[in-house]
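Okay, so here's the structure we're looking at.
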Amino acid sequence: GSPATRPARHSAGGLVSGLTLVGAGFSSSALLVGIALFCYGLTGAFVAVAGTVSIFHGFDAASRGTALGFRQMAVSLGGLVAAGLLPALAALGGVRLALVTSGIIAGTFATLFGLASPPGALHAGDRSRPRGLDIAGLMRIPGLWRVVAISAVHVSALTTLLNFSVPAIRDESASVVVGAVLFGVVSVSAMIARLAWGRIADVAGGTRRRASLRDVGIVTVVGALLYFLVAPLGPAVQMPVAFIFAFGATGANGVLYLIAGELTGPARAGQAVGLTSMALFGVSGLVSPLLGFQADHWGFRSLWLDAAVFGLLSVILTLGLPADRRT
């Protein structure tokens, strides 16, 4: 389409994503709710990828990691706000009120983002028509397959923490309040981690990308092993260790997007970010049932050893990434 229509299309995508959530709230059957939420995932992904890719065009290499850190920090902040807001809304007016309110908020802010997007090409030299998704071509770019592989293994470590840390501590007879505090500790650690790792990746003019991703993996391994060791000692000891664990496990996403976009260049950064995001969300969804099966049969504590192994694999994979260079 015409470059002048891009802000309008961004606004339309944000508006549709919000309307699908509203539609889910008013759906009369589980099937319709599922269809509406599936459509929300599709349309919401466009807005999320657009927001990430815009950073590649609005910030230079020396500050791009920090900007992505702020963007990823907002994701964790939104999750923390939602954890408090949505149950309260559901208690007041049921799940319908929670879904409708979420749809209105999501649609409004995504639309505002679209309206604020500048018209025309987002980077110099963008004079061609958009190319279709070429996954095979992307995977031939040196280093990108490693980024996708790291995304897959690291998000598996992240999934053990996000999806199972609260059920695990509740299984140890901790109260609902303790579970909520643990979720808060993990969320706050994630917010700080994403800002910190983004800033670290910007050191020396943006030449510390690979080393930052390696260090994220190392902290994940150490945190997961420590959490395994202190699991029997109770919440007072688990909380500070959970902060360390989360500082590693939640810190990779922004750095992965950063490396993927810079490996492909601005013309294909959107496709690279989309592919990396697909690996993150897709693998998380696939491993969750398997990890749940393991927890049922061998206990939640065994998952922290899994997280350490996943973190170690990510460290090994980072060693083969292309050397950093000034962009």
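Please work out the Kirkwood hydrodynamic radius for region 141-200, using every pair of different C-alpha atoms, and report it in angstroms with one decimal place.
Working: mean 1/r = 0.0743 Å⁻¹.
Answer for region 141-200: a Kirkwood hydrodynamic radius of 13.5 Å.
By how many nm would the segment from Phe281 to Ile104 grow when fully extended, if each residue of separation counts as 0.36 nm and the alpha-carbon distance is taken off? Each step should come with its number before you reach the end.
Details: separation 177, 0.36 × 177 = 63.72 nm, distance 2.38 nm.
Gain on extension, Phe281 to Ile104, equals 61.3 nm.
For region 185-199, 3J(HN,Hα) computed residue by residue from phi via the Karplus equation (6.51, -1.76, 1.60; θ = phi - 60°) reads 4, 4, 5, 5, 4, 4, 4, 5, 4, 5, 5, 5, 5, x, 5 Hz, glycine and proline entered as x. Applying both filters, DSSP loop and at most 11 other Cβ atoms within 10 Å, to the trypsin sites (Lys or Arg not before Pro) of region 219-327 gives Arg325, Arg326. Where the alpha-carbon atoms of region 33-120 are placed on the principal axes, they occupy 46, 26, 21 Å, in descending order.
Each stretch of four or more DSSP H residues adds -39500 (n - 2.57); spread over every residue of the chain, this sum gives -28500 deg cm²/dmol at 222 nm. In this label model, Leu319 and Val203 are separated by 2.1 nm, measuring between points 7 Å along each Cα→Cβ vector.
For the chain, which whole-number percentage of the solvent-accessible area (1.4 Å probe, protein heavy atoms only) is attributable to carbon and sulfur atoms? Please report the intermediate quantities before stating the final value.
Details: 11200 of 15420 Å².
Roughly 73 percent, rounded to a whole number.
Applied to region 282-293, the Karplus parametrisation 6.51 cos²θ - 1.76 cosθ + 1.60 on θ = phi - 60° returns per-residue 3J(HN,Hα) values of x, 5, 4, x, 6, 7, 4, x, 5, 5, x, 4 Hz, with x for Gly and Pro. Computed over region 259-314, the quotient of the alpha carbon radius of gyration and 2.2 N^0.38 Å is 1.53. Report the one residue of Val222, Leu85, Ile192 whose Cα lies farthest in the direction of the positive end of the charge dipole of the chain (charges on C-beta: Lys and Arg +1, Asp and Glu -1; origin at the Cα centre). Checked the options; the winner is Ile192. Taking label positions 7 Å along the Cα-Cβ direction at both Val176 and Val237, the computed distance is 2.9 nm, reported to one decimal.
Per residue, how large is the accessible surface of the chain? Use a 1.4 angstrom probe and give square angstrom.
Working: 15420 Å² over 327 residues.
For the chain, the solvent-accessible area averages 47 Å² per residue.
Extension gain for Ala62 to Leu86 (0.36 nm times residue separation, less C-alpha to C-alpha distance): 4.9 nm. Taking every alpha-carbon pair in region 139-267 and binning the separations at 5 Å intervals from zero gives 2, 11, 20, 21, 16, 11, 8, 5, 3, 1, 0 percent.
Quick one: divide the alpha-carbon radius of gyration of region 215-320 by 2.2 N^0.38 Å and tell me what you get.
Details: Rg = 15.7 Å, N = 106, 2.2 N^0.38 = 12.9 Å.
Taking N as the residue count of region 215-320, the ratio is 1.22.
The phi-based Karplus calculation (6.51 cos²θ - 1.76 cosθ + 1.60; θ = phi - 60°) puts the 3J(HN,Hα) values of region 134-150 at 10, 5, 4, x, 4, 5, 7, 5, x, x, 5, 4, 5, 4, 5, 5, 4 Hz, whole numbers, x for Gly and Pro. What is the gain in length, in nm to one decimal, between Ala74 and His297 on full extension, counting 0.36 nm per residue of separation less the C-alpha to C-alpha distance? Working it through step by step, the gained length comes to 76.7 nm.
The values are calculated or read from the model by the stated rules, or taken from the named source; none is laboratory data. Everything quoted here is computed from the prediction, not taken from an experiment. Don't worry about glycine lacking a Cβ; one is built from the backbone with ideal geometry, like all the others, and counts go over all protein chains shown. Heavy atoms of the whole protein, side chains included, go into the accessibility calculation; ligands, DNA and RNA do not. Shrake-Rupley method; radii C 1.70, N 1.55, O 1.52, S 1.80 Å.
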